[in-house]
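Reviewing the structure listed below.
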Amino acid sequence: MNELLQLGITEILESLRAREFSAEELTRAYLERIGETEARVHAYLSVLEDEAIGAARAADRKIGAGDDDSPLLGVPVAVKDLLCMRGTKTTCASRFLENFKAPYDATAVARLKDAGAVILGKLNMDEFAMGSSCEQSAFGPTHNPWNLKTIPGGSSGGSAAAVAARSCVVSLGSDTGGSIRQPAACCGVVGMKPTYGRISRYGLIAFASSLDQIGPFAKNIRDAAILLGAVSGHDPRDSTSADEPVPDYTKNLEAGVRGLKIGIPEEYFIEGMDPEVEAAIQKAIAVFEEQGAETLEISLPHTEYALPVYYILAPAEASSNLARYDGVRFGVRQEGESAYGSLFGMYAASRENGFGDEVKRRIMLGTYALSSGYYDAFYTKAQRVRTLICRDFMTAFEEVDVVLSATAPTPAFEIGERLADPISMYLSDILTIPCNLAGLPGISQPCGFTSRGLPIGLQLVGKPFAEKTILQAAAAFERATTHHEALPPL
Ligand code: GLN
């Protein structure tokens with residue numbers, strides 16, 4: 001593999017300034033890598049070759065003029081295909097949006113461009129971000145670079161697989177119930193879901209608005225911290241974006257964990273957890289202790305309700321967010337006689353043909369939960385239990401600084417294995433969903449491999465806006481271990 005593909009952001013910026021290679025050369029190396037790996041991995045839904053070369057040349061001109069302090073200047077990145085990027089297809093991996101070209105940039109995309117990044121393309125995902133395996137993409141699954149027969153996780157499977165395959169330096173994904181952390185765990189990379197409100201969601205195609213959050217994927221903690229800093233911050237175009245200062249997330253990454261209090265929730269060692277995953281987590285706990293952290297057992301007593309609460313609230317919000325896809329204002333209209341029997345017939349035919357099975361399942365679940373007579377029994381009750389789940393965390397954080405667990409109960413499974421059984425698919429997110437319900441920041445980082453060579457992920461969850469604390473802790477673990485250095489046999 002071309003050694004340029006191994007460099008992190010800091011090394012890239014230094015090398016570009018030292019004229020060791022140009023941004024255009026680096027971008028071409030990545031485009032070549034995409035050409036080499038995509039037939040097997042299928043992480044990308046579109047590759048923006050001309051735009052990328054144009055952005056790389058612009059970066060080279062800036063470097064030539066000494067105007068070289070942008071945080072991602074000349075760095076090849078890629079974004080999940082639910083972030084609008086002006087003039088490019090933004091499909092959400094759905095037939096319904098197959099021909100949708102975004103008329104504007106999402107704020108996160110605009111910030112990448114302002115930071116000097118070179119956007120290589122748009123990444124595969126489960127349709128409308130509903131799924132845990134990337135198999136629900138209307139354009140075919142992404143394959144895990146560690147084992148092409150297995151799933152890369154989801155829904156941001158393309159974002160995780162592209163970083164693992166070294167076909168971009170870093171990427172952006174989104175996480176509603178685990179869609180950044182779980183694929184990061186499956187693909188052996190770092191993935192972070194920041195605090196709800198940390199990154200503007202203007203231009204992110206909505207799934208469940210009270211849960212969705214954009215976040216970074218990277219091959220190491222420092223790169224994740226740099227990307228997070230570049231896209232975070234208040235945005236008047238997103239009323240849920242927080243007006244909180246953005247610290248320098250790379251500062252004090254070496255601070256270590258001495259004195260840090262790490263809570264281990266007893267409820268997170270669930271039945272059906274893979275023994276190799278559990279063993280890797282126990283080893284990780286020992287590493288943190290050796291580094292000077294204090295670990296203690298805690299209880300998050302309402303954990304068992306998180307999955308059912310999520311599968312009421314997320315589909316309820318989705319059924320409302322997806323009502324706009326009617327084949328008139330948005331989406332591919334179903335043509336033909338039968339479709340135009342009536343206005344309603346046209347809506348129905350367009351939705352019937354445009355959406356995949358999982359999306360339809362969510363719309364039905366959500367519509368049911370919101371319908372009169374059931375609203376109080378399901379939706380209102382789920383909201384109440386959500387509050388209890390938030391309180392569990394707040395109580396725990398009176399005692400500890402971060403909460404540690406596995407990211408997912410099992411490593412990546414085989415493509416096709418869970419497709420016919422939605423409940424077993426939903427269980428992939430049992431350890432990541434509570435963090436979304438509580439709006440907290442969470443990170444997944446590599447912490448080992450199974451005997452079959454599949455990556456295992458470790459999750460750290462922090463207090464609201466304590467991204468720095470979890471990045472510091474994760475960086476200490478990274479320095480003490482070598483899991484992040486392994487390369488997939490691609
Ligand atoms: N797998 C979960 C779901 O299907 C989470 C998805 C996500 O975080 N976008 O809802």
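Throughout, read-outs are computed from the coordinates displayed, never taken from laboratory work. All figures in this text were calculated on a predicted structure; none of them were measured in a lab. A quick note on method: Cβ atoms are made from the backbone with ideal geometry, for glycine too, and the neighbour counts reach across all protein chains shown.
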Exercise. Please name which of S137, A108, T91 has its Cα lying farthest along the dipole of segment 60-137 towards the positive end, using unit charges on Cβ (Lys, Arg +1; Asp, Glu -1) and the Cα centre as origin.
Key: T91
Exercise. Tell me the GluC sites (Glu not before Pro) within segment 294-329 that lie in a loop according to DSSP and have at most 10 other beta-carbon atoms within 10 Å.
Key: none
Quiz item: For E98 and S424 in one chain, what is 0.36 nm times their gap in residues minus the Cα-Cα distance, to one decimal in nm?
Solution: 114.5 nm
Quiz item: How large is the charge dipole for segment 377-457, taken about the Cα centre, if only the Cβ atoms of Lys, Arg (+1) and Asp, Glu (-1) carry charge, to the nearest 20 debye?
Solution: 260
Practice problem: Give the order of T387, T176 when sorted by the count of other beta carbons within 10 angstrom, beginning with the fewest. | Solution: T387, T176
Quiz item: Separation between the M394 and V287 pseudo-spin-labels, each 7 Å from Cα along Cα→Cβ, expressed in nm?
Solution: 3.4
Quiz item: Which pairs in the list K80/K468; K101/K193; K122/K468; K122/K381; K149/K381; K80/K463 are over 30 Å apart, alpha-carbon to alpha-carbon?
Solution: K122/K381; K149/K381
Exercise. Report, in debye and to the nearest 20, how large the dipole of the chain comes out about its Cα centre when Lys and Arg carry +1 and Asp and Glu carry -1 on their Cβ.
Key: 920
Practice problem: Output the relative contact order of the chain, whole-number percent, from Cα pairs under 8 angstrom with separation of 6+ residues. | Solution: 17
Quiz item: Tell me, S132, S239 in order of fewest to most beta-carbon neighbours within 10 Å?
Solution: S239, S132
Practice problem: Starting from the Cα-Cα distance between R86 and S209, subtract it from 0.36 nm times their residue separation and give me the gain in nm to one decimal. | Solution: 42.1 nm
Quiz item: Under the classification rounded if a/c is under 1.5, otherwise prolate if a/b is larger than b/c and oblate if not, where does segment 194-261 fall, given a ≥ b ≥ c as square roots of the Cα gyration tensor eigenvalues?
Solution: prolate
Quiz item: Taking the Cα centre of the chain as the origin and placing charges on Cβ (Lys, Arg +1; Asp, Glu -1), which of C186, V231, G442 is farthest toward the positive end of the dipole?
Solution: V231
Quiz prompt | Per-residue [θ]222 nm for the chain (sum of -39500 (n - 2.57) over DSSP H runs n ≥ 4, rounded to 500) | solution = -11000 deg cm²/dmol
Self-check item: Residue order, fewest to most surrounding Cβ atoms within 10 angstrom, among R386, R181, R329
Solution: R329, R386, R181
Practice problem: Rounded to the nearest Å, what's the spacing between the alpha carbon centres of segment 253-310 and segment 35-79? Just the number, please. | Solution: 37
Quiz item: Between E297 and I270, what length comes free when the chain is fully extended (0.36 nm per residue of separation minus the Cα-Cα distance, one decimal in nm)?
Solution: 8.2 nm
Self-check item: ³J(HN,Hα) computed for each position of segment 409-420 - Karplus, 6.51 cos²θ - 1.76 cosθ + 1.60, integer Hz, glycine/proline x
Solution: x, 9, x, 4, 9, 6, 4, x, 4, 10, 4, 8
Quiz item: Between T10 and A255, what is the label-to-label distance in nm when each label sits 7 Å out along the Cα-to-Cβ direction?
Solution: 1.6
